[in-house]
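What follows is a short report on a single structure.
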Amino acid sequence: MQPYSALSLFKHSLSHHKNWQQVWRNPKPKSHYDVIIVGGGGHGLATAYYLAKEFGVSNVAVIEKGYLGGGNTARNTTIVRSNYLWDESAHLYEHSLKLWEGLSQELNFNVMFSQRGVLNLGHSLQDMRDISRRVNANRLNGIDGEILDPQQIQEIVPAMNCTANRRYPVLGASWQPRGGVARHDAVAWGYARAASALGVDLIQQCQVTGFEMEDGAVTGVKTSTHGTIRSEKVGCVVAGNSSVVAAMAGFKLPIESHPLQAFVSEPIKPVLDTVVMSNHVHGYISQSDKGDIVIGAGIDGYNGYGQRGSYPTIEHAVSSILELFPNFSRVRMNRQWGGIVDTCPDACPIISKTPVENLYFNCGWGTGGFKATPGSGQVFAASLAKGEMHPLAKPFSMDRFYDGSLIDEHGAAGVAH
Amino acid sequence: MFLIHCPNCNEQRSEDEFHPAGEGHIKRPDEPNATSDKEWGEYLFFRNNPRGIYRELWQHTVGCRKYFYIKRNTETYEIYNTYLLNDAIENNDSGGPI
């Protein structure tokens, strides 16, 4: 792998940047792998990377039906934080946040991780009680968090209307300074490049159409373009399509797929240098380095695979944002899109073995999977390599929907993506 | 944006008058006390979530407030038909694939 550095940039400039190596190989698939990862988004590519890097399993293929990082990895609002309420999820997301902090160096790829802080606003007394409970829980778990009053919020976000005479006045907020945003595509590309250099085969434009099974154990995958590829283990990281892939293997998941929308404005001058989220008015907003205002909406309540959302949802999100930022009322929107999120009843992921032996699923991240990309990949890789679930992944087994040990994160995950 | 025909009001109305309420035709176990944890978990949480034909429960929230079923396609967003709760599935297979 050609390392990226200021020196290499200079060297290549002498040859007019014509000799850069391809970022990843485009190999023909082998007939057999130790592990096949279905789904070439951020989580799948991270899983493949950590398998090869930390667990010595490099005979790995990532099979992607479209192009790498072309699903929800390319469609989210790029927010990274770890201020979750319950121990199980707080530990998982904090593990991930710690990996984010060294990710650009680790991958030798600038993922533009910017720890600009995340504000979660409170607009009612109950909001403030929930916020203080969550911040205290976070601090007990070693996660940074503070409770701010409206004046402190106003200092951080001068553009926001924090006056008391609003329909939904800002009464306070939780503040996680280590949270922030990252460049979503770069995360997929960085993992893909590093995994490819370690020998992982990235197979694009190849859809998995079924599983090869023997005696209740998976032995390979059937594909649309390369026939059957055999494998010891298969890990599925297919987000919104999880139920469809699970149905191919003959079981159901506690997941429903919903469209989730976001939109960006035309680029404007720097006005917002942090991330603002509000559960109560239901909106979240940040400004990208390019200057676009990035706004996230809620999910559509109905199931859908169409990668587009409905207009009432857009209207709702925009009215929430204008409640907080009336001065954005004449900012023009540039693009709007939808992704299909795999929502779980308890707003927590499923990282689990399945009724089919050697078939593992990592799904159910719902509206907030992007922030977990590195951590999810690492614990899933550990589980695949060792054949038993990583301690951080254990509470997220599918069995929790049978024995009742749900991890209810609707408070921390409800709007905040 | 859906235009939904409420089978109770017999009116074609826009999506924001309605509220989806999850997968339709899910039967509560007849004897909850005799149900295993696995069966109960499956009843409560596990869903078909298909890519394609889907029967979904909806409520006409700002209209008659009654529940009804929509048979629709989750990929193309086409609505095949809508029908009342006490209508059997077999009576509502017209207008699109089953």
So which residues in the range B:14-32 are outside any loop (DSSP other than H, G, I, E, B), open to solvent by 50 Å² or more (accessible area, probe 1.4 Å) and of a type in the set (D, E, K, R)?
B:ASP16
Does A:LEU125 satisfy being open to solvent by 50 Å² or more (accessible area, probe 1.4 Å), at negative phi and without any contact (Cβ under 8 Å) to a residue 12 or more places away in the chain?
no
Unique residue being part of a helix (DSSP H, G or I) and farther than 30 Å from A:TYR33 by Cβ when the list is A:PHE380, A:PHE401:
A:PHE401
If you check B:PHE2 against the conditions, is it closer than 21 Å to A:ILE340 by Cβ, within 14 Å of another protein chain (Cβ to nearest Cβ), modelled with pLDDT of 95 or more and open to solvent by less than 50 Å² (accessible area, probe 1.4 Å)?
no
Need a quick list: strands (runs of 3 or more DSSP E) entirely within the range A:277-349 having at least 1 residues that are closer than 21 Å to A:VAL237 by Cβ.
A:293-299, A:333-343
What are the pairs, 6+ residues apart or on separate chains, where a residue within the range B:63-83 that is within 14 Å of chain A (Cβ to nearest Cβ) and part of a loop (DSSP other than H, G, I, E, B) has its Cβ under 6 Å from a residue that is open to solvent by less than 30 Å² (accessible area, probe 1.4 Å) and polar (S, T, N, Q)?
B:THR74/A:ASN303
Quick one: in the range A:217-264, which of the residues that are under 24 Å from the mean Cα position of the chain (by Cα) and among the basic types (Lys, Arg) is farthest from A:SER383 (Cα to Cα)?
A:LYS252
Find the helices (runs of 4 or more DSSP H) located wholly in the range A:1-120 whose residues include 3 or more that are open to solvent by 40 Å² or more (accessible area, probe 1.4 Å) and out of contact with any helix residue (DSSP H, G or I) (no Cβ under 7 Å at 6 or more places or on another chain), and list them.
A:6-14, A:87-101
Somewhere in the range A:182-200, is a residue touching a residue at least 12 places away in the same chain (Cβ under 8 Å), open to solvent by 30 Å² or more (accessible area, probe 1.4 Å) and aromatic (Phe, Trp, Tyr)?
yes
Give just the number: which of (1) open to solvent by 10 Å² or more (accessible area, probe 1.4 Å); (2) more than 14 Å from chain B (Cβ to nearest Cβ) does A:GLU256 not satisfy?
(2)
Any residue in the range A:354-364 that is over 29 Å from A:PRO270 (Cα atoms), within 14 Å of another protein chain (Cβ to nearest Cβ) and either surrounded by fewer than 19 Cβ atoms within 10 Å (Cβ to Cβ) or of a type in the set (Gly, Ala, Ser) (or both)?
yes
Run down A:VAL244, A:VAL238 and say which single residue is in contact with a Pro (Cβ under 8 Å, 6 or more places away or on another chain), within 12 Å of another protein chain (Cβ to nearest Cβ) and β-branched (Val, Ile, Thr).
A:VAL244
Restricting to the range A:210-244, name every residue that is closer than 14 Å to A:GLU64 by Cβ and open to solvent by 10 Å² or more (accessible area, probe 1.4 Å).
A:THR223, A:SER224, A:THR225, A:HIS226, A:VAL237, A:VAL238, A:ALA239, A:ASN241
Which ones in the range B:25-55 are within 28 Å of B:GLU78 (Cα to Cα), more than 8 Å from chain A (Cβ to nearest Cβ) and not basic (Lys, Arg)?
B:HIS25, B:ILE26, B:TYR43, B:GLY52, B:ILE53
What's the total number of residues in the range A:34-53 that are among the charged types (D, E, K, R) and more than 18 Å from A:SER104 (Cβ to Cβ)?
1
Give the residues of the range A:329-341 that are within 26 Å of A:GLY301 (Cβ to Cβ) and touching a Leu at 6+ places or on another chain (Cβ under 8 Å), sorted by residue number.
A:GLY338, A:GLY339, A:ILE340, A:VAL341
Residue, farthest from the other protein chains (Cβ to nearest Cβ), within the range A:283-315, restricted to residues that are in contact (Cβ under 8 Å) with a residue 24 or more places away in the chain and open to solvent by 50 Å² or more (accessible area, probe 1.4 Å)
A:ASP289
Just give me the residues in the range A:129-159 being in contact with a strand residue (DSSP E or B) (Cβ under 8 Å, 6 or more places away or on another chain) and either modelled with pLDDT under 95 or under 11 Å from A:LEU85 (Cα atoms) (or both), in sequence order.
A:ASP130, A:ILE131, A:SER132, A:ARG134, A:VAL135, A:ASN138, A:ILE143
Among (1) modelled with pLDDT under 95; (2) over 14 Å from A:ARG116 (Cβ atoms); (3) not in a loop (DSSP other than H, G, I, E, B), where does A:MET248 come up short?
(1)
What is the one condition in (1) among the β-branched types (Val, Ile, Thr); (2) within 14 Å of chain B (Cβ to nearest Cβ); (3) open to solvent by 40 Å² or more (accessible area, probe 1.4 Å) that A:VAL318 does not satisfy?
(2)
Scan the range A:255-276 residue by residue and report those that are over 18 Å from A:MET333 (Cα atoms) and part of a loop (DSSP other than H, G, I, E, B).
A:ILE255, A:ASP273, A:THR274
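The values are calculated or read from the model by the stated rules, or taken from the named source; none is laboratory data. Computed from a predicted structure; not experimentally measured. Here the Cβ is made from the backbone with ideal geometry for all residues, glycine too, and neighbour counts use every protein chain on show. With ligands, DNA and RNA removed, areas are computed over all heavy atoms of the protein, side chains included. Shrake-Rupley method; radii C 1.70, N 1.55, O 1.52, S 1.80 Å.
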